[in-house]
Structure formats: C-alpha cells, structure tokens
Amino acid sequence: MDAFQNIGIKRRLKRFFRRDGRALIFAMDHGFEHGPEDFNEVWEHVNPRIILKKVIRAGIDGVVLLPGIARISGDVLNPNVGLMVKLTSKTNLRPKEDQFLQSPLGFVEDAIKLGADAVAATVYWGSPYEDIMMKQFAEVASIAHDFGLPVVQFAYPRGPYINEKYGKKEDYRVVMYGARAAAEMGADMIKTYWTGLRETFAKVVDAAAGVPVLLSGGAKAKNPVEFLKVVYDVIEAGGAGAVVGRNIFQRENPEPMIKALLRVIHRNEEPEEAAKAEGLI
Ligand code: FBP
C-alpha cells in the first residue's frame, strides 16, 4: 500500500514541476483571504475564468485555488496544468486578534473530486493558534497521503511573538524554522517568504532537507525587474520556483510577466534580459 501512495505523490508532483524540478504556480485565493478589493487594479480579473484562461495561455505550470473557485472554473484548466486546492484560509473581516489563525474551509475528499493534484494548508508558525493549525495540517496530510496526494504547506512565521522577538516575519531565522517545521510535519512542498538575501534563502532551502521550497510572491512590486530579481535569487539559492498571485493578476496583461518569470525559473535567464525579451522594459 505504501508503495502505491508514494508513486501517487511522485506522479502528482510532476504535474507542477518540470524536469528541472522547478515550477511557476499561480495563486488566486485572494478574493477570500484579502477580499475582492485585491482585484480593483484590474477588475475583470475578479472573474476567475478570465484570469485563469490568460495565465494558462501564458504557460503557467500550476494554479492554487480554494475549492469553490476550483468548482466554478476548474474546467478551463488544461490537464497538464497542476491544480492545488487550498483547504484553509481566513477573511480580512475577522477581528484583528484572530488574524493569526487560518480555519478549514474544505475537505481532502472534495479536493480529489475536483481533480486536485495536491492540497495545501497554512500554518502560521509562532502564532498563538499554532497548535490548532498544526492539527489541521496533520489531519489534511494524513488523509491526503492515504490517497497518494501531495500536501503543500504555506509555512508563514506570523504572530505577536515573532514581531516582538525577531522584528519581522521575514527574518531568515524564523522563515528557516518554519520551513524546517513544515518538512518535519511531512509537507511535500513548502511555500514561504523571501528572506531578503540569496545567502539566507539558501539556508531556508537547506533546512527544508530536500523538500522543495517555493517563494510566496507578495505584494505587487513597483518595478517588474525588482520582482524578477527576487525570483532569480530564489532559484540561485536552490529554491524550486515561486507561487505568485498579485504580481500576476494585478497586471492588465499578465502574459509578459509570466513568460519572463518562466525564463528566469526554467532557463536561468538574468532578470533584465528576461524582462527585455518579454517587452516589460
Ligand atoms: P501573492 O503572490 O499575491 O502574495 O499570493 C500568495 C499568497 O500566499 C496567497 O496565496 C495569499 O492569499 C496571500 O499571498 C496571502 O498574503 P498575506 O497573508 O501576506 O497578506
């Protein structure tokens, strides 16, 4: 039985990762996690079918969606695009003190019915609710692994203690700790923050002990080359790619940015060269 589960996990991970072991994944859970105002910059992208068609046309490797959006628009995905269904989230509407908790909003079995190639859950490491999110992740991982489905952890250090002791959630010591904790919990892929330097991100990758580490995109960069440089450094540090939301869907035409990111991730092209080739500068 174990061998069947493992081969399932390996095969499904290949839906996201190309032969080079790297991936560019489009994230769009923001309508829930941040609210529909995240789409104000390009309002037509509030319609998941419109933005998903654009990112697929541009050659994206995979997408992350919440279950309801996967249900509404999953049919626009090509079979060769990996589908990750995220099973925890929170709204921005909850009280400030509860923002450090993500709650379950779906089930592994339903993600399988939606055709998911992986499921994901967030753990805010260092949060006062860390214990609850650890249990949620453990339950998702246990069920998913029984079905041979990979599990992705969004491993984000976050909470009052992190701010007090380390100053910011991107401090490499806590990002590295979160990545290690995710690997120790059995994550098959880890998504986390940029630590600011190639050298420190390399330590995060080391701490993950071979589990692929992907960058969490973050707010839209003022200058596209600035963002491409971060992704370039992630790859140079041994990272396995990036999961990007706002830097893609907050652009009127996301195609050149996606193509430039693919050049950096899969062809090791220098950021400026990739940006020029796609007409971004
Ligand atoms: P972005 O590239 O837009 O940062 O998307 C990645 C992501 O993790 C989303 O999946 C999620 O909705 C969002 O960032 C969370 O952002 P934050 O918690 O930092 O506000």
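The values are calculated or read from the model by the stated rules, or taken from the named source; none is laboratory data. This is a predicted model, so every value here is computed, not measured. Cβ coordinates were reconstructed from backbone atoms using ideal geometry, including for glycine residues, and neighbour counts include every protein chain displayed. Areas reflect the complete protein model, heavy atoms only, side chains present, ligands, DNA and RNA absent. Shrake-Rupley method; radii C 1.70, N 1.55, O 1.52, S 1.80 Å.
Structure values in brief
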| item | result |
| --- | --- |
| Cα-Cα over 30 Å, subset of K90/K165; K96/K220; K53/K169 | K53/K169 |
| DSSP bridge orientation in the chain - percent antiparallel, rounded to nearest 5 | 5 percent |
| Amide hydrogen neighbours beyond the local backbone of N47, cut-off 5 Å, H modeled | none |
| Fraction of accessible area attributable to carbon and sulfur, the chain (%, probe 1.4 Å) | 51 percent |
| Net charge of Cβ neighbours under 13 Å - reference Q99; Lys, Arg +1; Asp, Glu -1 | +2 |
| Two-decimal Rg/Rh across the stretch 140-281, once Rg and the Kirkwood Rh are taken from alpha-carbon atoms | 1.00 |
| Volume per residue of the C-alpha convex hull in the chain, rounded to whole Å³ | 117 Å³ |
| Per residue value of the accessible surface for the chain (all protein chains in place, 1.4 Å probe), Å² | 45 Å² |
| Globularity ratio of the stretch 82-147, using Cα Rg and 2.2 N^0.38 Å | 1.15 |
| Whole-Å distance, taken between Cα centres, linking the stretch 196-232 and the stretch 1-62 | 18 Å |
| Per-peptide average of other Cβ atoms within 10 Å, ordering 208-217, 149-158 highest first | 149-158, 208-217 |
